[in-house]
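Enquirer: Starting off with a structure, shown below.
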Amino acid sequence: MKRKLIAGNWKMNGSLSANAALVQAILSGLSQRAAHCDTAVCVPSPYLAQVQGLLAGSGVSLGAQDVSAHEGGAYTGEVSAAMLKDFAVRYCLVGHSERRSYHHETDALVAIKAQMALAQGLTPVVCVGETLAEREANQTEAVVKRQLAAVIHAVGHCVSELVVAYEPVWAIGTGKTASPEQAQQVHAVLRAQLQAASGHADRIRILYGGSMNAANAAQLLSQPDIDGGLIGGAALKPADFLTIIAAA
Ligand code: PGA
């Protein structure tokens, strides 16, 4: 059976002192009770070195929140996959809805980012999800399949090295969570698509994200096709993050 993955997405939050306190609290919680799942924190780029140091030897993996679609060169402000690898980054979010909406990232660009991450041996966490308007127009399946298809097409035989995160846009940071049934339904669709592409989708982890918290995690994580969580707000609260890890 594959291990679940609980990944925190800190977004643009943190400071040297806040990060140290947060990581210390998480590690001390984990030392009291071994985690039965894989865990990671996806931190803002300037703090990669700091958090790499804080996590050393802990078993909690380091993640990044984005990666450049370019290998290197004159791309002011960008961070390459090779640079992330220098800091022992293991996971890299690609196509988070905040990147898609505020930075106009297209399916094609997200696919290239996933390729870049894979080329450096990082695991891309490919985020897909529909807006409220798309859900209300019954387009949820079509939207998430289109988003995932672009990445599947680009990465070819590496599909089984992906992690996928289903994050309904209307549930992110809103306190509105998809019901376990709603989430499971979409996860099953994504699983079938991954199965068709890879032949062994049972090995690929599909995370749920969108207001997952200490109170609703257990129910979501008990669904057959939910293999973990991508946690925003609750990942900044050590007690809540630890409760979610325990639920997994
Ligand atoms: P949230 O964010 O848990 O705060 O809804 C999840 C995410 O954006 O990855």
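Enquirer: Provide the packing ranking of 19-26, 153-160, 30-37, i.e. peptides ordered by the mean count of other C-beta atoms within 10 Å per residue, highest first.
Expert: 19-26, 153-160, 30-37
Enquirer: Give the Debye-formula value of log10 I(q)/I(0) at each listed q (0.13 Å⁻¹), with one equal scatterer per alpha carbon of region 116-217, two decimals each.
Expert: With one equal scatterer per Cα and no solvent, log10 I(q)/I(0) is -0.45.
Enquirer: Quick one: Cα centre-to-centre distance for region 113-170 and region 205-222, in angstrom?
Expert: Going from one Cα centre to the other spans 18 Å.
Enquirer: Can you give me the P(r) profile for the chain? Cα pairs, bins 5 angstrom wide beginning at 0, each as a whole percent.
Expert: 1, 7, 15, 20, 21, 18, 12, 6, 2, 0
Enquirer: Probe of 1.4 angstrom, ligands and nucleic acids ignored: what's the accessible area per residue over region 5-247, in square angstrom?
Expert: Each residue of region 5-247 exposes 43 Å² on average to a 1.4 Å probe.
Enquirer: From the phi of every residue in region 229-245, what ³J(HN,Hα) in whole Hz does the Karplus formula 6.51 cos²θ - 1.76 cosθ + 1.60 yield, where θ is phi - 60° and glycine or proline is x?
Expert: Each residue of region 229-245 in turn: x, 10, 10, x, x, 6, 7, 8, 10, x, 4, 5, 4, 5, 5, 5, 4 Hz.
Enquirer: At a Cα cut-off below 24 Å, give the lysines reachable from residue 11, other chains included and same-chain residues fewer than 8 away excluded.
Expert: Candidates past the 8-residue exclusion: 85, 113, 176, 237.
Enquirer: Here is a follow-up. From the protein chains alone at 1.4 Å, what is the descending order of accessible area for 106, 76, 39, largest first?
Expert: Highest to lowest solvent-accessible surface, that is 76, 106, 39.
Enquirer: Of all accessible surface on the chain at a 1.4 Å probe, what whole percent is carbon and sulfur?
Expert: The computed percentage sits at 54.
Enquirer: Could I ask something else about it? Taking amide hydrogens as modeled 1.01 Å from N in the peptide plane, which residues meet the under 5 Å criterion relative to residue 123, leaving out close sequence neighbours?
Expert: Answer set, sorted by chain and number: 91, 92.
Enquirer: Oh, and also: Whose amide H sits under 5 Å from the amide H of residue 231, counting only residues 5 or more places off or on another chain, with H placed in the peptide plane?
Expert: 7, 8, 9
Enquirer: Would you mind computing, in nm to one decimal, how far apart the modelled labels at residue 202 and residue 21 are, each placed 7 Å from Cα along Cα→Cβ?
Expert: About 4.6 nm, to one decimal.
Enquirer: Label 7 Å along Cα→Cβ of residue 103; region 57-76 residues with amide nitrogen under 17 Å?
Expert: Residues 63-76 fall inside that zone.
Enquirer: Tell me the mean residue ellipticity at 222 nm calculated for the chain from its helices only (DSSP H runs of n ≥ 4, each -39500 (n - 2.57), averaged over every residue, nearest 500).
Expert: After summing the helix terms and dividing by residue count, I get -12500 deg cm²/dmol.
The values are calculated or read from the model by the stated rules, or taken from the named source; none is laboratory data. Remember, predicted model here, so these are calculated numbers, not experimental data. FYI the Cβ positions are ideal-geometry reconstructions off the backbone, even for glycines, and counts take in every protein chain you see. We work out accessible area using only protein heavy atoms, side chains counted, and drop any ligands, DNA or RNA first. Shrake-Rupley method; radii C 1.70, N 1.55, O 1.52, S 1.80 Å.
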